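These notes are about the structure you will find just below.
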Protein chains: 2
Amino acid sequence: MISVVILGAGNVASHLYRGFRVAENVTVSQWYNRSLDAILEYSHEVDITDSLDDLKVADVYILAVSDDAIAELSERLPFENRVVVHTSGSVGVYDLDKKHKRGVLYPLQSFTKGTILDFSEVPICIETIHKKSYALLKELAVSLGGPTQRVNSDQRRVLHLAAVFVNNFTNQLYRIGHEITESEGAEFDMLKPLIKETARKLEDLSPFRAQTGPAKRNDKKTIKKHLKLLEANTDHKKIYELLTASIQKTHGRKKL
Amino acid sequence: MISVVILGAGNVASHLYRGFRVAENVTVSQWYNRSLDAILEYSHEVDITDSLDDLKVADVYILAVSDDAIAELSERLPFENRVVVHTSGSVGVYDLDKKHKRGVLYPLQSFTKGTILDFSEVPICIETIHKKSYALLKELAVSLGGPTQRVNSDQRRVLHLAAVFVNNFTNQLYRIGHEITESEGAEFDMLKPLIKETARKLEDLSPFRAQTGPAKRNDKKTIKKHLKLLEANTDHKKIYELLTASIQKTHGRKKL
């Protein structure tokens, strides 16, 4: 049985708490937050505290707090030589105080408040400086039920960066699609099956092989029509031009 | 029973053929292609021809050919006053020869060769000039089993444009994510659950409300780290900057 203490009460902390609560070989010994209010509702099922001095002894301490708070919180922990991990994609593992056995458990997923997360769909990237704690962190990550992968700092950093492209930027393209369709009173809902299929296709094909459309075909007539439709919106037009050029470069077409 | 003749042998034509073959109230009377080779394998189940003069009488003629071929083919059809539609998102309905009862059946989906398409996930946009043929085209579209929507030319044009953003451009962001992860030997597969969840979220939330990440939070520290990682690739850096600015504009943050 692995005992963990969770520190923080944001989205990631709350989802991890629920994930570990149902994991068979994990006990959440305690949940810490600087303000008790946010975790008070769980006091009937887990020991909660707002005092670092009252932290229990546990196998792993999970700092699921905002990026900016990680270094300071790890420093303020009143013990040493215990396994302490953070959950951030972009903060270095060396930002944790060196008095700890340091590591990272980075869940590569988008966490929405209030939704129940299916942890079988949450890959966990494991990084550790203290080699001996890898097996422990691996077991902890596996207990959540999704894929796990050992990564180094550089790999975690690029995964976080790539996640911004495939999640935040993709979502902004959905938003632009929404704006474009609404401008003529067309229904954005009509695009949702296409959006799903675009994501689903990656099960069978690499994004390189899955590409289609006017940019890849170098269909100048259609591209010209689209740019004309976008004349009134310089921002959308710039994005259209840049991503069209990017596709054409990837697929060996000339630039616009 | 609605009788249709399909013209063309590309992806859309082939998928529509299969869709109509299993539709209860539709008969594919004939399949035309300028070269018989591409449709020869179907000759045991449908009448095939490469001669426009041999076209049978049918309720609807579906021109599922390349955008550039639509106008000329519609002109060369040796009859008039019959319902003739094309399937393109970007070609005008008036590009069809005016001797016909003109319309469009635009399937808003990405068609991949060789895969079996689930038509319940293919929205069909219906446009018609000849008002009396709307009911017929509606019945034909509905027979495929997916959602249908009546649209005008402007709406079809913006749906096609928006489809490029949510399909081709999104897929290019996946490609960039692939390049970025591979640059450090990280696994692109680790991003696939996130990609799926980003698309799935739209079931519950608008893209506006679904947005998260450093651009929306105006998390300058993380954005700076990412731009540093992208220093070696000017193209990716430009896309990062432009889409970050786009998100910040949408969510009322300052520009970079």
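The values are calculated or read from the model by the stated rules, or taken from the named source; none is laboratory data. Here the structure is a predicted model, which is why all the values come from computation and not from measurement. Here the Cβ positions follow ideal geometry from the backbone for every residue, glycine too, while neighbour counts run over all protein chains shown. Areas reflect the complete protein model, heavy atoms only, side chains present, ligands, DNA and RNA absent. Shrake-Rupley method; radii C 1.70, N 1.55, O 1.52, S 1.80 Å.
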Mind checking which of B:Leu73, B:Leu36, B:Leu194 has the largest fluctuation in a GNM of chain B, springs on alpha carbons under 10 Å? B:Leu194
Accessible-area ranking of A:Glu41, A:Glu187, B:Glu127, largest first, probe 1.4 Å: A:Glu41, A:Glu187, B:Glu127
What figure in square angstrom, to the nearest 10, would you give for the accessible area of B:Lys224 with a 1.4 Å probe? 150
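Summing both sides, how much accessible area is buried between A and B? Use a 1.4 Å probe and give Å² to the nearest 100.
Values: alone 15600 and 15600 Å², together 22770 Å².
Buried area (both sides, nearest 100 Å²): 8400 Å².
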From the Cα gyration tensor of the stretch B:25-67, with a ≥ b ≥ c the square roots of its eigenvalues, which class applies: rounded if a/c is under 1.5, or else prolate if a/b is larger than b/c, or else oblate? rounded
So, in nm and shortest first, the distances from A:Asp189 to its counterparts in the other copies, with label points 7 Å along Cα→Cβ, work out as 3.8
What distance in nm lies between label points placed 7 Å from Cα along the C-beta direction at A:Ser51 and B:Arg21? 7.6
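With both bridge residues required to lie in chain B, what share of the DSSP beta bridges run antiparallel, to the nearest 5%?
In chain B, DSSP labels about 20 percent of beta bridges as antiparallel.
Rounded to the nearest 500, what is the protein assembly as shown's calculated 222 nm mean residue ellipticity when only DSSP H runs of at least 4 contribute -39500 (n - 2.57) each, over all residues?
On the way: 20 runs with 192 residues, N = 512.
Here the helix-only value at 222 nm equals -11000 deg cm²/dmol.
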Return the whole-Å distance between the Cα centroid of the stretch A:208-229 and the Cα centroid of the stretch A:60-96. 47
Here the correct list, in nm and shortest first, of distances from A:Asp37 to the same site in the other copies, label points 7 Å along Cα→Cβ, is 7.4
Could you work out which residue, out of B:Ala210, B:Ala135, B:Ala69, moves most in a Gaussian network model of chain B, that is, has the largest mean-square fluctuation with Cα springs under 10 Å? B:Ala210
Nearest 20 debye, what's the magnitude of the dipole of chain A about its Cα centre given +1 on Lys and Arg Cβ and -1 on Asp and Glu Cβ? 1880
Checking A:Asp59, A:Asp97, A:Asp118 against a Gaussian network model of chain A (alpha-carbon springs below 10 Å), the top fluctuating residue turns out to be A:Asp118
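Let me know the shape class of the stretch B:2-151, please: from the alpha-carbon gyration tensor, a ≥ b ≥ c as square roots of the eigenvalues, rounded when a/c is under 1.5, otherwise prolate if a/b is greater than b/c, or oblate.
Numbers: a/c = 1.36, a/b = 1.01, b/c = 1.34.
The shape class here is rounded.
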Whole number in Å², please: accessible area per residue of the stretch A:2-151, 1.4 Å probe, ligands, DNA and RNA not counted. 44
Under 17 Å from a point placed 7 Å out from the Cα of B:Lys238 along the Cα-to-Cβ direction: which residues of the stretch B:149-175 have their backbone N that close? B:169, B:172-173
Going by the alpha-carbon gyration tensor, a ≥ b ≥ c the square roots of its eigenvalues, is the stretch B:1-80 rounded (a/c under 1.5) or, if a/c is not under 1.5, prolate (a/b greater than b/c) versus oblate? rounded
What does the copy distance list look like for A:Ser120, label position 7 Å along Cα→Cβ, in nm and ordered from shortest? 2.1
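If you rank B:Tyr134, A:Tyr32 by how much accessible surface each has, with a 1.4 Å probe, what is the order from largest down? Mind dumping the intermediate values first?
Details: B:Tyr134 50, A:Tyr32 15 Å².
In descending accessible area the options line up as B:Tyr134, A:Tyr32.
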Counting only protein heavy atoms and using a 1.4 Å probe, what share of the accessible area of the protein assembly as shown belongs to carbon plus sulfur, as a whole percent? 46
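To the nearest 20 debye, what is the magnitude of the charge dipole of the stretch B:2-151 about its Cα centre, counting +1 on the Cβ of each Lys and Arg and -1 on the Cβ of each Asp and Glu? Walk me through the intermediate numbers first.
Numbers: 15 positive and 20 negative charges, 117 e Å.
Dipole magnitude for the stretch B:2-151 comes out near 560 debye.
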Mind checking which of A:Ile239, A:Thr112, B:Phe165 is farthest towards the positive end of the protein assembly as shown's charge dipole, using Cβ charges of +1 (Lys, Arg) and -1 (Asp, Glu) about the Cα centre? A:Ile239
